[in-house]
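Computed from the coordinates by the stated procedures, all read-outs in this text should not be read as laboratory data. Since we're looking at a predicted model, the values are computed, not measured. Positions of Cβ are generated from backbone atoms using ideal geometry, with glycine treated the same way; all protein chains shown enter the neighbour counts.
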Amino acid sequence: MQGQRRETRAFVDRIEEEIAVLLIANDEEMDLPRVLLPEKAKEGDWLVLVTTIDDAETRARRQAARELRARLATDDDQGDLDL
């Protein structure tokens, strides 16, 4: 199941090497890797950016992090760290 969805428009101001510089609300600039743009996007195009929270992935990653922290806490003998 997906979480809240947000949509905004962005103007492709310029493309510098592999970075696209987008203008979003209040002419704020946002850098985005070129590879994340639609294949035919070019300078001067308007984009619709859509973001959502992946609830299932978020829960899974949080659970994995909790498990790792718990395992590290039980494995710690409070001794010196050998490098």
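Hull volume per residue, based on the alpha-carbon atoms of region 12-52 and their convex hull, is 77 Å³. Any idea what log10 I(q)/I(0) is at q = 0.16 Å⁻¹ for the chain, Debye with uniform C-alpha scatterers and no solvent? One equal scatterer on each Cα of the chain leads to -0.74.
If R0 is 25 Å, the Cβ-Cβ spacing of residue 6 and residue 68 corresponds to a FRET efficiency of close to 0.25.
Placing dummy labels 7 Å off each Cα toward the beta-carbon, the span from residue 54 to residue 18 is 2.0 nm.
So between residue 81 and residue 43, what do we pick up on full extension, going 0.36 nm a residue minus the alpha carbon distance? The partial results should precede the final answer.
Details: separation 38, 0.36 × 38 = 13.68 nm, distance 5.25 nm.
Extra length available between residue 81 and residue 43 comes to 8.4 nm.
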